[in-house]
1. Cut-off under 20 Å on the C-alpha distance; same-chain residues fewer than 8 positions from K84 excluded. Which aspartates and glutamates are left, in chain and number order?
2. What aspartates and glutamates does K369 reach when the alpha-carbon gap must be under 16 Å and sequence neighbours fewer than 8 apart in one chain are set aside?
3. What are the aspartates and glutamates whose alpha-carbon lies under 14 Å from the alpha-carbon of K230, with same-chain residues fewer than 8 places away excluded?
Amino acid sequence: MNTAHFKSIVTNSFDAIISKDLTGTVLSWNEAAHRIFGWSPEEMIGRSIETIIPPGRLHEEQHILQRIRAGEIVPKFETMRVRKDGSIFPVAITISPLVDETGAIIGASKIAHDTTAMVEMRTRLEESERQFRALANTIPQLAWIADGDGWIFWYNDRWFDYTGTTLEQMQGWGWTAVHHPDHIERVKQRIQLSWSTGQEWEDTFPLRSRDGDYRWFLSRAKPLFGDDGKVWRWFGTNTDITEQRDREQQIDLLMREIAHRAKNMISIIQAIVTRTTDKEASAKLVARLGALARNQDLLTHRNWRGVTVGDLIISQLAAVDDLIGTRILLDGELDTMLSPPAAEAIGLAIHELTTNATKHGALSSNEGKLQISCSTSHEQSGKRFRLSWRETGGPPVSAPQKAGFGTVMIDRNPRFALNAAVECRFDPSGFVWTLEAPMETVTSEPAAPH
């Protein structure tokens, strides 16, 4: 390499290239050194290199010169230096001995790179890492991270505190060792499905503690996608639900016990009623008690959180359920959830309507049909619920001469219980019953704002 070529490299280098003698006096100072440190070549050549070293780091220069005199190369190291304006900044420095034609060491060459941007980025990453670890280790859940293929490589401290394991034991599929043997195969199959498809994962299962006891956890994992659209990471948590699960089981047991006792009471009442002398009235009351019992069964099955309109109607059509889909048609928003009070009022009305239809209405003949429709609508006053019962093709119908207890069940009871508008029409084509009520009086879900 000729001198001009070498000089061009030094002049145009992005890094500061400096030479000094064995006393630390600067011999050369390229343009990059001028740009990085602020001093021009004229200001620095002939001046001590200690000019750019902070007072608290002067010992570095003595150590460097000692190694250079011994013919050693000082590998890249990170330190701090001073600019002309007095600001201190980070640099990475590599130093090599300078030799003359005889091979004698006469000084040193220094390459310095301003690492301010790199150090700032590293500091931000370290701060982000500290914040992440602080968050991950203070949340109550056990947490973990897996790669795109589901290989778990990180757990938070909560996991190790609970399981008493180490990362070496748990990484990859090692987590299976703390799962209950009765559940592990199911869990593995379900989580592998998520690994393979990228679908979010959720499951509930027991995990063994460091003491050997098992507690129940609700576990979830969300995929994080890279720029290529593929799963890059999985972030998962395990939430201890043992106490919650125990409480729910206790509540469920209590509700079933209450339901059992209530059904026993209904059975006793039915037995007493059947001994009355008025057999027709007795049969009607027993049937109504049976309808009430079916409502109770539905609500108990759903832990008294409510029941859908469709399920309620089908339960009360038990006596004629073989006609559903042929002569009995159900349509509309049948998945609307009813509150327990609404289910009781509407269920008893449906039972009474079914009884009347099989005795006097459309279902008393071979040609008659019944259509039951449910709908909701948004009106200025709020959301409304509507249920209609329409019979066609049966014998001619007419309004009863006097209102009996059946009228109470299909008219007055839902009217007062649900703040509903109830209409009964005895059209030539068949009997029509409609119920319309504010949504908040019938639903088990909060009413939407309007």
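Rule-based calculations on the coordinates, nothing more; no lab input. Predicted model, so just to flag it, every value in this text is computed and none were measured.
1. Result set, ordered by chain and number: D15, E31, E42, E43, E50, E60, E61, D114.
2. D321, D322, D331, E391, D427
3. Counting by Cα, and skipping residues close in sequence, K230 has these aspartates and glutamates nearby: D147, D149, E200.
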